[in-house]
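Trainee: Handing you a structure now.
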Amino acid sequence: MKKWSSLALAAVIGLTLTLSGCGGNNNAGTEGNAGGNTAATNAPQTDSGSASASTQDTLIVGRGGDSASLDPAIVTDGESLKIAHQVFDSLLEYKPGTSEVQASLADSWEVSADGLTYTFKLHPGVKFHDGTDFNAEAVVFNFTRWSDPNSEFKFEGDSFDYYDSMFGPDGSRVIKEVKAVDDSTVQFILNQPQAPFLQNIAMTSFGIASPTAVKEKKENFKNEPVGTGPFKFVEWKRNDAITLDKNADYWKEGLPKMNKVIVRSIPDNSARFTALQNGEIDLMEDLSPDDLSTLEGNSDLQKIERPPFNVAYLGFNLQKAPFDNVKVRQALNHAVNKQAIIDAFFAGQAQPAVNPMPPSLWGYNDSVQDYEYDLDKAKALLAEAGYPDGLPDTVTLYAMPVSRPYMPDGKKVAEAIQADWEKIGVKTVIESPEWATYLDDTKAGEKDDIYMLGWTGDNGDPDNFLYTLLDKDAIPGNNRSFYANEELHTVLINAQKETDQAKRSDLYKQAQEIIKADAPWIPLVHTTPLLAAKANLKGYVPGPTGTEYYSEVYFE
Amino acid sequence: MNSYLIKRVMVLIPVLIGMTIIVFSIIHAIPGDPAETILGQKATEQSKQALREQLGLDKPWLQQYFNYMGDLLQGDLGTSIRTKTPIAKEIMPYLAATLELTAAAMLFATFVGVNAGILSAWKQNSWFDYTSMIIALIGVSMPIFWLGLMEQMIFALKLHWLPSIGRMDQRDPVESITNLYVIDTIIAGRWDQLWTVIKHLILPSIALGTIPMAIIARMTRSSMLEVMNSDYIRTAKAKGLSQFLVVYKHALKNSLIPVLTVVGLQTGALLGGAVLTETIFAWPGVGRYIFEAISSRDYPVIQTGILIIAFIFVVINLLVDLLYSAIDPRIQYK
């Protein structure tokens, strides 16, 4: 017995040694046997060597997160929508690089004079990836699935959040009915006019899914999506990679140009950048501004900039004194040096924010002047508010614990602002609880005096910034400042009902003036999110919302 | 032996029930609302409320706990709130990825650690002893994050010897059967792919294995030193046995028990997922899965994930205990 057990043990150890020895030896072997040179080139060639040979028709993208789900209707996160955008088409789409709406699955559309009926003419001959026909019935099926709370195709756990927030929740739906007039004509009857209706229809979340596939795959549809888009879904290895193949029958002539797209999740920013430099990926999302100089020194790589379509801001908690006093809010507005922050923490890849929406968006009010950085004015305003020696109590400043495209490093930015405010006698303590707690606390508005947050536009409509973030209807919710102004509310509601874009634009300009005077926020920056790619990658048109087609991409 | 085994397995039940209570209480004690974090800023209040109701978050804690246990006993591991996919289905590939990485890391750690410990004890107070113990000390206190990034910088970026991230070359994907790619490539007979998979394993397993390696080395050394001073070793030496045989045959066997304990504990710890290593090397393992679930307050995933890991941990401990008697016949279980 003794002998056997010691033999068995010897075998185990021996195996351990040989196995790990093997790993080690092989490694040493490649370095050693080839005298260094061949081995050194050998090793990467399996990876990046094949890369240079075959990347011509395969695109590998590296991004920080993974999709939550592949069915665009049940998600709101950008990472999920990025993939869905390749697999699905909506009736309309945003012209690449802009937030302007153009035809997609619908060739043309008509609006009735009262703004209550929209009639879309569908593109003929389009097929889903499963070979079934795209037609008016398919459109009706999808919209019914999203709007009917008792739909049998609303699977366990599903919620159609974008549908609810864009077209009104159950009970106050904007869309009354969707009708198939004939095979290629579909009609939307609205309960009330909705100005951003077409902007909304173009969102990736409203991509048209194959009804046959939804019926057959049921709850598994969110893992195996079927649409009409330029790429077909092949495989999803969670937290690792999503593989898409070319849709050879794509209805847009000559597209897509790539045979295959692989999207990998690489959470660490610097590891992702290393992978790009090492040739393991061709394109990466979210380049850290710190890595910009390395990128610019490397002729094999290029920088891609998204148009700024976001806003980062500090919000005052108006429920708390003394921030219910507009003078105090204005004073602190004067005491933030936005340009210095941009130079120090954004590597210049941002512009100072004046209004709560980005300048690239229509309706932006150019004539609003920012509260310039002027500590004397700040002090004077504080004195007017009754605080000549600065604020008596320490202010709790919530700084974002996570990195977002609009705010790569919230804590550092908060520290810079803290130092500036110190100069006017406002003492702050920075708190940065973990993200879920952060969102909870700021929504409750009990612990924070001032909080930092941001927003990226969804659909290219000012409503999606001003109403969503600052209207009194958004309390509790996205209006974490608890800012309620009746005049503003009237203006924003009127703008929602108005269908004439010029008139709407005027209303939004007016809204921005009201907000500027009330100063519920300190708008900080609009950032230019950065991507990095191999120098020979062409045809990638960065879009404001961050969802772009891979179909036009090719390698030179 | 059998009755011992049965007893040990029975003890697992209260341990696991205890785990569910602890995890459940911690999850509900930390602030943060899953409806808010998962649905995000873009969802309406109405759908957030619907989610809370669906998750039963509006019910009293005790009721929530019993509902959860009820589902668990019926074999329902729950559904992820964030991905809306059953956890039992989702977690398997993650576990496999972690298992593969852990195995590689522990092979590295055990091989290097045990041998360094033996040699240090054998050549006590030599330069080798001093150097390896200093390295072990550095190893124990090494920030994995830094080590991983340095490895990538040197071996991927500068030398181009090894890939920096992932488990395989995505341009030539491995056909996954078991999700353990080393085994999958062997089954498929794709030796070129096996080599690629091994190359992907080297950097993360060194990063992950460094701390266990250092602990194992120190443990082996001290345990060996104790044994080397005992009478039977003097006898063996007096018999004129070769030094090598004395050390690797006679001394090693008796010093292995504490080492085995450490190896077992470390394996369990690594299987629990190595969030940092998995993050830096973009390794789709269970550590990142649970970490992301914690960030988004995906309660079912946190609960089930931790429970599964706790289960694996206790099973490994049991195996280690059983191995003791194989190594040392004085230890017998009745």
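Rule-based calculations on the coordinates, nothing more; no lab input. It should be emphasised that the depicted structure is a prediction, and the values quoted were computed from it without experimental measurement. Note that each Cβ is placed from the backbone with ideal geometry, even for glycine, and that neighbours are counted across all protein chains shown.
Trainee: Percent relative contact order of region A:310-527, based on C-alpha pairs within less than 8 angstrom and at least six residues apart? Each step should come with its number before you reach the end.
Mentor: Working: 398 pairs, mean separation 76.6, N = 218.
It comes to 35 percent, rounded to a whole number.
Trainee: Taking K and R as +1 and D and E as -1, what net charge do the other residues with C-beta under 10 Å from the C-beta of A:Leu375 add up to?
Mentor: Neighbourhood net charge equals 0.
Trainee: Could you tell me the center-to-center distance, by alpha carbons, between region A:446-460 and region B:260-275 in angstrom?
Mentor: Rounded to whole Å, the Cα centres lie 41 Å apart.
Trainee: Shape of region A:231-270 from its Cα gyration tensor (a ≥ b ≥ c, root eigenvalues): rounded if a/c is under 1.5, otherwise prolate when a/b > b/c, or oblate? If you can, show how the numbers build up before the last one.
Mentor: Values: a/c = 4.46, a/b = 2.21, b/c = 2.02.
It is prolate, given that a/c is not under 1.5 and a/b is the larger ratio.
Trainee: Among the lysines, select those whose C-alpha is under 20 Å from the C-alpha of A:Lys232, and discard any that sit fewer than 8 residues away in the same chain.
Mentor: Counting by Cα, and skipping residues close in sequence, A:Lys232 has these lysines nearby: A:Lys82, A:Lys127, A:Lys215, A:Lys217, A:Lys218, A:Lys222, A:Lys246, A:Lys252, A:Lys257, A:Lys260.
Trainee: In deg cm²/dmol, rounded to 500, what helix-only [θ] at 222 nm does chain A give when every DSSP H run of at least 4 residues adds -39500 (n - 2.57) and the total is split over its residues?
Mentor: On the way: 18 runs with 188 residues, N = 556.
Computed ellipticity for chain A at 222 nm equals -10000 deg cm²/dmol.
Trainee: Given axes a ≥ b ≥ c from the Cα gyration tensor, I'd like to know whether region B:8-74 is rounded (a/c under 1.5), prolate (a/b larger than b/c) or oblate. It would help to have the intermediate numbers written out before the result.
Mentor: Values: a/c = 3.10, a/b = 2.38, b/c = 1.30.
Here region B:8-74 falls in the prolate category.
Trainee: Averaged over its residues, how many other protein chain Cβ atoms are within 10 Å of peptide A:69-79's Cβ atoms?
Mentor: On the way: counts 5, 1, 1, 0, 0, 1, 6, 7, 6, 2, 0.
The shielding value for this peptide is 3.
Trainee: Just to be sure I understand: if I project the alpha-carbon convex hull of region A:310-527 onto a plane and average over all orientations, what area do I get in nm²? Each step should come with its number before you reach the end.
Mentor: Values: hull surface 43.6 nm².
One quarter of the hull surface, i.e. the mean projection, equals 10.9 nm².
Trainee: Continuing with the same structure: Residue by residue through B:279-286, how many Cβ atoms from other chains fall within 10 Å of the Cβ on average?
Mentor: Numbers: counts 4, 6, 4, 14, 3, 8, 2, 1.
Rounded to a whole number, the mean comes out at 5.
Trainee: For A:Asp182 paired with B:Met142, estimate the spin-label separation in nm (one decimal), with each label point 7 Å from Cα along the Cα-to-Cβ line.
Mentor: In this crude label model, A:Asp182 to B:Met142 measures out at 7.3 nm.
Trainee: For B:Ile6 and B:Gln332 in one chain, what is 0.36 nm times their gap in residues minus the Cα-Cα distance, to one decimal in nm?
Mentor: 115.9 nm
Trainee: Place a +1 charge on the Cβ of each Lys and Arg in the protein assembly as shown and a -1 charge on the Cβ of each Asp and Glu, then give the dipole magnitude about the Cα centre in debye, rounded to the nearest 20. Don't skip to the end; give the middle numbers.
Mentor: On the way: 75 positive and 103 negative charges, 877 e Å.
Result for the protein assembly as shown is approximately 4220 debye, rounded to the nearest 20.
Trainee: Another one. How far apart, in nanometres, would the label points at A:Val429 and A:Ala416 be if each is projected 7 angstrom from Cα along the Cα-to-Cβ direction?
Mentor: 2.5 nm
Trainee: Please provide three numbers in whole Å: the alpha-carbon extents of region A:388-494 along the principal axes, with the largest listed first.
Mentor: 42, 34, 22
Trainee: To the nearest µm²/s, what D does Stokes-Einstein give for region B:93-327 at 20 °C and 1.002 mPa s, using the Kirkwood radius over alpha carbon pairs as Rh?
Mentor: D, rounded to a whole number, is 111 µm²/s.
Trainee: Here's something else I'd like to know. Defining a contact as two alpha carbons under 8 Å apart and six or more residues distant in sequence, what relative contact order in percent does chain A show?
Mentor: Working: 1094 pairs, mean separation 105.9, N = 556.
RCO, chain A: 19 percent.
Trainee: So, one more: Applying a 10 Å radius around every beta-carbon, put B:159-167, B:81-89 in order of their mean neighbour count, most first.
Mentor: B:159-167, B:81-89
Trainee: Just going by the charge dipole of the protein assembly as shown, with Lys and Arg at +1 and Asp and Glu at -1 on Cβ, which of A:Gly78, A:Ala378, A:Ile281 is farthest out on the positive end?
Mentor: Selected residue: A:Ile281.
Trainee: OK, next. Which length gain, in nm to one decimal place, applies between B:Asp76 and B:Leu159 when the Cα-Cα distance is subtracted from 0.36 nm times their residue separation?
Mentor: Contour length minus the Cα-Cα distance gives 25.0 nm.
Trainee: For region B:91-191, run through the GluC sites (Glu not before Pro) and keep only the ones in DSSP coil with at most 15 other Cβ atoms within 10 Å of their Cβ. Show your work: numbers first, answer last.
Mentor: Values: sites: B:Glu100, B:Glu151, B:Glu175; in loops: B:Glu175.
In loop regions of region B:91-191 (DSSP not H, G, I, E or B), the sparsely surrounded GluC sites (Glu not before Pro) are B:Glu175.
Trainee: Still on this structure: Averaged over peptide A:261-273, how many Cβ atoms belonging to another chain are found within 10 Å of each residue's Cβ?
Mentor: Other-chain Cβ atoms within 10 Å of each residue's Cβ, averaged: 5.
Trainee: Could you rank the peptides B:14-20, A:332-338 by their average count of other C-beta atoms within 10 Å per residue, with the highest value first?
Mentor: Details: B:14-20: 13.6, A:332-338: 22.4.
With the highest mean Cβ count within 10 Å placed first, the list reads A:332-338, B:14-20.
Trainee: What lysines does A:Lys427 reach when the alpha-carbon gap must be under 22 Å and sequence neighbours fewer than 8 apart in one chain are set aside?
Mentor: The qualifying lysines are A:Lys320, A:Lys327, A:Lys338, A:Lys377, A:Lys379, A:Lys411, A:Lys412, A:Lys447.
Trainee: Going by a ≥ b ≥ c, the root eigenvalues of the Cα gyration tensor, does chain A fall in the rounded group (a/c under 1.5), the prolate group (a/b larger than b/c) or the oblate group? Write down the numbers at each step before the final one.
Mentor: Numbers: a/c = 1.92, a/b = 1.18, b/c = 1.62.
Verdict is oblate for chain A.
Trainee: For chain B, what does the relative contact order come out to in percent, with C-alpha contacts under 8 Å and a separation of six or more?
Mentor: Numbers: 381 pairs, mean separation 90.8, N = 334.
The value is 27 percent.
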